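Scroll down for the structure; my scribbles are underneath it.
Every number in this text was worked out from the coordinates using simple rules, so none of it is lab data. Just so it is clear, the structure is predicted and the values come from calculations on it, not from any experiment. Cβ placement follows ideal geometry from the backbone for every residue including glycine, while neighbour counts extend to all protein chains displayed.
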Protein chains: 2
Amino acid sequence: MISAPSLTKDELDEVYGKGACQFQSSDHLMTLVFSQSRPFDLIELEQLLQSVGWSHRPARKVRRALAYSLLKVGLWKHEAGLPRLIGFARCTGDGVIEATVWDVAILPVYQGYGFGKQLMSYLIKSLQEMGIKRITLFADPGVVDFYRSQGWVLEPRGNRCAFWYAN
Amino acid sequence: MISAPSLTKDELDEVYGKGACQFQSSDHLMTLVFSQSRPFDLIELEQLLQSVGWSHRPARKVRRALAYSLLKVGLWKHEAGLPRLIGFARCTGDGVIEATVWDVAILPVYQGYGFGKQLMSYLIKSLQEMGIKRITLFADPGVVDFYRSQGWVLEPRGNRCAFWYAN
């Protein structure tokens, strides 16, 4: 049986930063890595976000937004020499009471493997390690069931989401 | 006509910090100040939040959450020697794309003067000055109309709010 090679602890640390976490796809053909510290190529990140329908955002703003995020997680398909960014999510928050999830994306060609669910589990675990007991997000209509099936409560106690837009 | 005294620019800076903003209540009997830098007495803040029904949070967590908030606004009733905290709101976010409002509270005895609306306007203006074009919040059923009347859009494009709770 062919199986994608795993990285040694040292390789993992070197390429993806301390605390990175690897796993194999269920068909064993891909080695995937969650990293909170491997830097993003902003063009690759922009392509990922646009592939799932996000509108364009200036690189300058994205760079700053990443710097001020509580947590940003890249899901990388490991390839020697050139890891490929296939998933992303980030959180804003105060790191102790409130954490809000934004920009959850899996590259369409890698959807259907359960990576989105694993990404959310990884993100929740990371936030729990900070002591956070409640996480919030705004769900598009198309992903409401995705979140509900993972234990997210939609509009608890009749809460509604409200957006204010400039102009 | 009796009117509450205004503070000089120096007094305002000294007591409430740079950038504080004063105004009078519509009956001219109170001088009110918005401040982003006057430190909070955590017991006074806790009493304010509990007065509007928030549950108790440990001071240690609140202190840290304030430190890591993007913006925190106190609404103070000015009294020489002892300003009184009568309103509060804070935001988390990345300071450039996302900002989320939390813990909006006006002490019940001061509700009905329009202070909540003024607090939200002040907060929006402050976030706009950072370049933020979209602000989000989670509205309890009882305050949905309050936000809607101020131009907030409830569940735009079918968005839903989702909460994840530990345990």
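Kirkwood-based Rg over Rh for segment B:69-167 (C-alpha set), two decimals? Walk me through the numbers on the way to the answer.
Details: Rg = 14.7 Å, Rh = 14.9 Å.
Expressed as Rg/Rh, it is 0.99.
Determine which residues of segment A:67-81 fall in the zone a paramagnetic label at A:Glu14 would reach in this model, i.e. backbone nitrogen under 11 Å from the point 7 Å along Cα→Cβ. Only A:81 pass the distance filter. Placing a label point 7 Å from Cα along the Cα-to-Cβ axis, A:Gly81 is separated from the same position in the other copies by 7.8 nm, shortest listed first. Residue of chain B with the Cβ closest to the rotation axis carrying B onto A, and that distance rounded to whole Å: B:Cys161, 2.
Using Cα springs under 10 Å in a Gaussian network model of chain A, which residue among A:Arg90, A:Arg38, A:Arg148 shows the largest mean-square fluctuation? Comparing A:Arg90, A:Arg38, A:Arg148 in the GNM, the peak value goes to A:Arg148. B:Ala80 to B:Arg38: FRET efficiency via 1/(1 + (r/R0)^6), r the Cβ-Cβ distance, R0 22 Å, to the nearest 0.05? Rounded to the nearest 0.05, the efficiency is 0.90.
Classification of segment B:1-54 by its C-alpha gyration tensor yields an oblate form. The axis ratio a/c (a ≥ b ≥ c) is 1.5 or more, and b/c is at least a/b.
Cysteines in the protein assembly as shown lacking any other cysteine Cβ under 4.7 Å from their own Cβ: A:Cys21, A:Cys91, B:Cys21, B:Cys91. Counting only Cα atoms, the protein assembly as shown measures 89, 38, 36 Å along its principal axes, largest extent leading.
Could you work out how much longer the chain between B:Arg148 and B:Lys117 gets when fully extended? Use 0.36 nm per residue separation minus the Cα distance between them, nm to one decimal.
This chain segment gains 10.0 nm when fully extended.
Between segment B:52-83 and segment A:59-108, the C-alpha centres lie 30 angstrom from each other. Grouping the Cα pair distances of segment B:42-97 into 5 Å bins from zero gives a pair-distance distribution of 4, 16, 24, 26, 16, 10, 3, 1 percent in increasing distance order.
Computed from the Kirkwood radius of its Cα pairs, the Stokes-Einstein diffusion coefficient for segment B:116-167 at 4 °C and 1.567 mPa s stands at 102 µm²/s. Here the Gaussian network model covers chain B, with springs between Cα atoms less than 10 Å apart; of B:Gly142, B:Gly95, B:Gly19, B:Gly142 fluctuates the most. Considering only B:Asp140, B:Asp94, B:Asp103, the mean-square fluctuation computed in a Gaussian network model of chain B, springs between alpha carbons under 10 angstrom, is largest for B:Asp140.
What FRET efficiency, computed as 1/(1 + (r/R0)^6) with R0 = 45 Å and r the Cβ-Cβ distance, is obtained for B:Ser26 and A:Asp140, rounded to the nearest 0.05? Working shown, then result.
Values: r = 41 Å, r/R0 = 0.92.
The value I calculate is 0.60.
Only aspartates and glutamates eight or more places from A:Lys133 in sequence, or on another chain, were considered; those with a Cα closer than 20 Å are A:Asp94, A:Glu98, A:Glu155, B:Glu46, B:Asp103, B:Asp140. Going by a ≥ b ≥ c, the root eigenvalues of the Cα gyration tensor, does chain A fall in the rounded group (a/c under 1.5), the prolate group (a/b larger than b/c) or the oblate group? Taking the square roots of the gyration eigenvalues as a ≥ b ≥ c, chain A is prolate. Using the 7 Å Cα-to-Cβ label point, sort the distances from B:Val143 to its equivalents in the other copies shortest first and give them in nm to one decimal. Nearest first, the other copies' label points are 2.6 nm away.
So which of B:Lys9/B:Lys72; A:Lys61/A:Lys125; B:Lys18/B:Lys117 end up more than 30 Å apart by C-alpha? Correct reply: none exceed it. Put a plus charge on the Cβ of each Lys and Arg, a minus charge on the Cβ of each Asp and Glu, and nothing anywhere else: the dipole of chain A about its Cα centre is then about 520 debye. Across the copies of the chain, A:Gly19 has label points (7 Å from Cα along Cα→Cβ) spaced 2.8 nm apart, shortest distance listed first.
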